[in-house]
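Working notes, structure below.
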Amino acid sequence: MADFLNLSDFRDNVIRLIEAKFELTKLGFQEKIEGIAVKAIYLLVLFILSITVIIFLSILAAIGLNIWLKSLWLGYLIIFLVYAGILALFVFARDRVQNKIKEQVQQMVDENLNNMPADDAPPEL
């Protein structure tokens, strides 16, 4: 009777279908992770280049202030004080800055999860 209904083949086909669905889901997650990694590397390179530009512009501004103020060190002091002030703002507003960063990260994660096709959505527990 089992040969007539071909239940073993049906069971094998169902198992293969489930395995294929699992592989597709895994590939979807892998693609998302690769996309996030590419964005992270791009942002890291952009950050390093931006820091380099800021350093050279700061040196240029300090030298310009030195020439304008006819001093050997006053321009460097002014630029130092500007950066020290920015650092102080970040230190004293730490909670607000951290909350803002957390909101931005949550928004990026939500956007990535909402853009994920329904077939690639993580299983709900």
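The values are calculated or read from the model by the stated rules, or taken from the named source; none is laboratory data. Predicted model, so just to flag it, every value in this text is computed and none were measured. Quick reminder, even Gly has a Cβ in these numbers, built from the backbone with ideal geometry, and neighbours come from all protein chains shown. What goes into the accessible areas is simple: the full protein's heavy atoms, side chains included, and nothing from ligands, DNA or RNA. Shrake-Rupley method; radii C 1.70, N 1.55, O 1.52, S 1.80 Å.
Considering every alpha-carbon pair of segment 47-116, the percent of pairs per 5 Å bin, from zero through the bin containing the longest distance, is 3, 15, 12, 14, 15, 13, 10, 7, 5, 3, 2, 1.
The modelled label-to-label distance for the pair ILE41/GLN104, using points 7 Å beyond Cα in the direction of Cβ, is 2.2 nm.
Within the chain, all pairs of alpha-carbon atoms sorted by distance into 5 Å bins from zero give the percentages 2, 8, 8, 10, 11, 10, 9, 7, 7, 6, 5, 4, 3, 3, 2, 2, 1, 1, 1, 0, 0. Considering only protein heavy atoms and a 1.4 Å probe, what is the carbon-and-sulfur percentage of the accessible area of the chain? Of the solvent-accessible surface of the chain, carbon and sulfur hold 72 percent.
Charge dipole of the chain (Cα centre as origin; +1 on each Lys and Arg Cβ, -1 on each Asp and Glu Cβ, all else neutral): 1100 debye, rounded to the nearest 20.
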